[in-house]
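Colleague: Sharing a structure, written as structure tokens. Questions coming.
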Amino acid sequence: MKTSGLGEFALGQAVPNRDHAVCVSLPTVNDLVGYEEKKPETLQAMSSGYPRFVQHRFLRELIELEEKKENSLGFQNYLFSHSQHCDQAIQKFSVLDSIIRERDKYTWLQIPGQSKEVAQIESFLQHTGGIISSRQAEDILLKKGHLLNRENISGHEEPLEFAQKAIAEVHGSGVSPNGVLFASSGANAFYSLFQNAYKYSLKKKKNFWIRLGWLYLDTSETMNLFANDDEIITLANPTDLIGLKKVFEQFGSNIAGVVTEFPTNPLLQSCDLEQVRELCDQVDAMLIIDPTMASPKNSKVAEFGDILVNSLTKYASWEGDVMIGSLVFPDHSQIGQELFDATARTISPPFERDLLRLCEQLPMYPSFVEKTNQGLLQVVDFLESSNSVEKVFWAYQENSAENFRQRAGDGKPGCVVSFEVKGNFKRFYNQLSMLKSPSFGTEFSLCCPYVYLAHYKLTKSTKGKQILKKAGISPYLCRLSVGLENPKDIIKTLQIALQGMNK
């Protein structure tokens, strides 16, 4: 283990200590609020952040160079990794006053700084993962002579083929290497897939989509970019098979597909995939599954899904410094095969140095998952036995354990557990001597204040709180990612914070 997540971390500290770290420290509740409300004193302390949420310093430097070159002060500037994504953003938000400049391997969009579309474009880039990577910006700056050096990454004769084979093997039988596509992030993988799935389904006169479970924010927002509100049916509880059957009875052959996570983020609930697959087959609907939370190494879902979405930033890039995602099209799926070529044309492929960095970490991917499986089991035992913990959510929780066990077997929960504390959340969070940051699936443990970072706006209104309550999600939910530290040290760190939260 090179980096530990136990100890104290300053506001804005990047973890690991590498130029392309994807995690950043938010050590207090006041820091969380300052970050979400964009308070200058908080943002000034953050030189980096999760790359889809916070603009990396290499991108800022590249934009500054472009601004000076084109004398474009007063504009907001965005660097898209794919020209199609830029065009889609302009069309979606009816951007009239814009300048588009094509550069080598990226597209530069400028809109007036006071334009109402600024917030919309920024949200679009976050949800779709359409921005260029920090390594690509670094490469451009190096070639322009504005950087003297960069990180060393091992070369590889066939990085794409190597990575495809590794990812296919992790997903298990029924997945071939040539059925694996890579994207610049997990969000971009889903965005690229869903836009094609939506168009494909409309041609078949199918326009209703089912969100099965409380899905990750960017997944839901991407669906909203294409489907109308009345075309999306949300079942917050993925174990509600009776409710799902009623939806299928009502909408029948008009159902385009089901999108689910296995297990879900952040409550780690699992549906009965066999039953869901049967319902989809009855009306020729597609089933899109994201097994990221527990990793596809544990969650063997390929035989049921038409397409599998996976953020490889988690588990596969276990050192915590690569944004990358994948789509897997299982051999059995006719729908998947029909979507493959169109999706391959619209996806933003990873920058070559990001792919190389992934290849450096892939050999340890399976063993990393196995080690964190064992560590999480011990941490869950502690949390479930603690009088200071109100609720514990993990892959083998009672309400959906059997559904998960059917696909993973025993003892393979992944590295994530979510929990609610009994007592003063703010004091617990502030006292926890651990990295507090977005992301999971890293060698270093970290605690994510999930709702604050993913759904902060919902915590600020009565209606929003009701939405969270209906989904069974507390505003004070903590999502813990267990790393490679000694589980006893992780437990001790939690124990100290829990004991001190009500003093």
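Colleague: How about segment 71-118: which of its residues are open to solvent by less than 10 Å² (accessible area, probe 1.4 Å) and under 17 Å from THR222 (Cβ atoms)?
Modeller: Matches in segment 71-118: PHE80, HIS85, CYS86, ALA89.
Colleague: Okay, moving on. As an exercise: evaluate LYS143 against (1) among the basic types (Lys, Arg); (2) in contact with a helix residue (DSSP H, G or I) (Cβ under 9 Å, 6 or more places away or on another chain); (3) open to solvent by 70 Å² or more (accessible area, probe 1.4 Å); (4) at pLDDT 90 or above and give the number of the one condition it does not meet.
Modeller: (2)
Colleague: Quick test for you: out of ASP354, ASP321, ASP341, pick the one residue that is within 15 Å of LEU160 (Cβ to Cβ) and of a type outside the set (S, T, N, Q).
Modeller: Just a single option satisfies the conditions, and that option is ASP354.
Colleague: Further question on the same structure: Test ILE153 against the stated conditions and say whether it is within 21 Å of PHE75 (Cβ to Cβ), β-branched (Val, Ile, Thr) and modelled with pLDDT of 90 or more.
Modeller: No; evaluated as a whole, the condition is false for this residue.
Colleague: Give the residue that is farthest from GLY414 (Cα to Cα), with candidates limited to residues of segment 340-393 that are open to solvent by less than 30 Å² (accessible area, probe 1.4 Å) and of a type in the set (Gly, Ala, Ser).
Modeller: Within segment 340-393, the match that is farthest from GLY414 (Cα to Cα) is ALA342.
Colleague: Write out, first by first residue and then by second, each pair whose Cβ atoms fall under 9 Å of each other, whose residues are 6+ apart or on separate chains, and whose first residue, in segment 224-244, is open to solvent by 40 Å² or more (accessible area, probe 1.4 Å) while the second is among the basic types (Lys, Arg) and assigned to a helix (DSSP H, G or I).
Modeller: PHE226/LYS199
Colleague: Further, regarding this structure: Does LEU484 fit the bill of being open to solvent by 20 Å² or more (accessible area, probe 1.4 Å), among the aliphatic types (A, V, I, L, M), under 20 Å from GLU261 (Cα atoms) and touching a residue at least 12 places away in the same chain (Cβ under 8 Å)?
Modeller: no
Colleague: Collect the residues in segment 244-283 that are assigned to a helix (DSSP H, G or I), touching a Lys or Arg at 6+ places or on another chain (Cβ under 7 Å) and within 24 Å of LYS297 (Cβ to Cβ), keeping them in residue-number order.
Modeller: LEU273
Colleague: Just need a number here: residues in segment 460-503 that are under 22 Å from LEU432 (Cα atoms) and either part of a loop (DSSP other than H, G, I, E, B) or among the polar types (S, T, N, Q) (or both).
Modeller: 17
Colleague: What's the total number of residues in segment 165-177 that are out of contact with any helix residue (DSSP H, G or I) (no Cβ under 7 Å at 6 or more places or on another chain), on the phi < 0 side of the Ramachandran plot and not β-branched (Val, Ile, Thr)?
Modeller: Count: 3.
Colleague: Oh, and also: Filtering segment 423-459 down to residues that are farther than 30 Å from LEU358 by Cβ, outside any helix (DSSP H, G or I) and at pLDDT 95 or above, which residue is most open to solvent (accessible area, probe 1.4 Å)?
Modeller: SER433
Colleague: Here is a further query. Counting only residues that are outside any loop (DSSP other than H, G, I, E, B) and among the aliphatic types (A, V, I, L, M), how many does segment 314-336 have?
Modeller: 3
Colleague: If you don't mind, there's one more thing I want to ask. Inspect all residues belonging to segment 198-209 and state whether any of them is more than 21 Å from THR346 (Cβ to Cβ), crowded, with 18+ Cβ neighbours inside 10 Å, of a type in the set (Lys, Arg) and touching a helix residue (DSSP H, G or I) at 6+ places or on another chain (Cβ under 7 Å).
Modeller: No, segment 198-209 contains no residue that is more than 21 Å from THR346 (Cβ to Cβ), crowded, with 18+ Cβ neighbours inside 10 Å, of a type in the set (Lys, Arg) and touching a helix residue (DSSP H, G or I) at 6+ places or on another chain (Cβ under 7 Å).
Colleague: Could you look through segment 421-440, keep only residues that are of a type in the set (A, V, I, L, M) and in contact with a helix residue (DSSP H, G or I) (Cβ under 6 Å, 6 or more places away or on another chain), and pick out the one that is farthest from THR28 (Cα to Cα)?
Modeller: VAL421
Colleague: Restrict the check to segment 268-290 and report whether at least one residue is open to solvent by less than 20 Å² (accessible area, probe 1.4 Å), among the β-branched types (Val, Ile, Thr) and touching a Pro at 6+ places or on another chain (Cβ under 7 Å).
Modeller: no
The values are calculated or read from the model by the stated rules, or taken from the named source; none is laboratory data. Fair warning: this is a prediction, and the values are worked out from it, not measured in the lab. Cβ: placed from backbone, ideal geometry, glycine included. Neighbour counts: every protein chain shown. Remember, those area values only see protein heavy atoms, side chains included, never the ligands or the DNA or RNA. Shrake-Rupley method; radii C 1.70, N 1.55, O 1.52, S 1.80 Å.
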